[in-house]
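Enquirer: There's a structure below that I have some questions on.
What follows is calculated from the coordinates using simple rules that are stated; it is not laboratory data. A quick note: this is a predicted structure, and the numbers were derived from the prediction, not measured. Counting neighbours? That spans all protein chains shown, and the Cβs are built from the backbone with ideal geometry, glycine included.
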Amino acid sequence: MPMLKHLGALLFSTDCVHCAASLLENERFVCLLCSAQIHLLPQQKTEGEMDALFYGKVEVQRAIALFAFVKGGVSQSLIHHLKYKNKAELGFYFGQQLAAALHLLDLDIDAVVPVPMSWGKRRKRGYNQSEKIARGIAQYLQLPLLPNYLRRVKQKESQTRYNKYSRWQNIQVAFELNSKVRQHYKHVLLVDDVITTGATMEHCAAAIVAQGSTKVSMAALAFAPALR
Ligand SMILES: [Zn+2]
């Protein structure tokens, strides 16, 4: 149907976000050649390395990422377009792929929570990229999406005035559970676009775990330990 095809072209990018080649009908965001260069992470690998980020800091059931972040690589183009090139739908699409990996793990998750973005950044970007990924996951797994479960707490002092250690301390007060959320969840999945130091995820998880019996797992599109 030419009408639908035309609509598809409008909804999805027609050029590869990495090499700019024209995409074929069944390709989304990246061409097949670039897609083959994405370093998908096997669960066991991310589990070990990502667990190490949180070990002794906060209890995390499972932490997974879909692919490795490679500087200058296809993965960087994907994240860049998701964050800065208004490609919100890219988050939803790869969120669904992440959900397929999560589905295999059978984690018994009952809600999906995106890492909240600062109000100013959100206003500038027009959307929270983590929420787009979370939306893809929630739809695929048929779970509630809770964009307001966590909220950022206003930071009293500029972070730039702190040294490395106290900056960490300062971030600790940056998230809290939204007091308007009354429903109890047993196991929530925290979602972000990239995990680098794990600090943001850690502090979100700590805010949830501190409130009681809710367990936390984590999922991100990309894992970038080398950028630390
Ligand atoms: Zn390409």
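Enquirer: What is the order of Val30, Val191, fewest Cβ neighbours within 10 Å to most?
Expert: Details: Val30 26, Val191 30.
Least crowded to most crowded, the residues run Val30, Val191.
Enquirer: Right, something else. Please list the non-local residues whose amide H lies under 5 Å from the amide H of Ala21, H modeled 1.01 Å from N, same-chain partners needing a gap of 5 or more.
Expert: Counting only residues 5 or more places away or on other chains, the set is Cys16.
Enquirer: Still on this model: Each residue of region 81-91 in turn: what ³J(HN,Hα) in whole Hz from Karplus with 6.51, -1.76, 1.60 and θ = phi - 60°, glycine and Pro shown as x?
Expert: Result, ordered by residue: 5, 5, 8, 10, 10, 6, 9, 4, 5, 5, x Hz.
Enquirer: Continuing with this model, one more query. Loop only by DSSP, 14 or fewer other Cβ within 10 Å of the Cβ. Give me the trypsin sites (Lys or Arg not before Pro) in region 75-149 that pass, ordered by residue number. Let's see the in-between values first.
Expert: Details: sites: Lys83, Lys85, Lys87, Lys121, Arg122, Arg123, Lys124, Arg125, Lys132, Arg135; in loops: Lys85, Lys87.
Sparse-neighbourhood loop trypsin sites (Lys or Arg not before Pro): Lys85.
Enquirer: Oh, and also: Which loop GluC sites (Glu not before Pro) in region 72-158, with loop taken from DSSP, have no more than 16 other Cβ atoms within 10 angstrom of their Cβ?
Expert: On the way: sites: Glu89, Glu131, Glu157; in loops: Glu157.
In loop regions of region 72-158 (DSSP not H, G, I, E or B), the sparsely surrounded GluC sites (Glu not before Pro) are Glu157.
Enquirer: Using amide H atoms built 1.01 Å from N in the peptide plane, name the residues 5+ places from Val60, or on other chains, whose amide H lies under 5 Å from its own.
Expert: Amide H neighbours of Val60: none.
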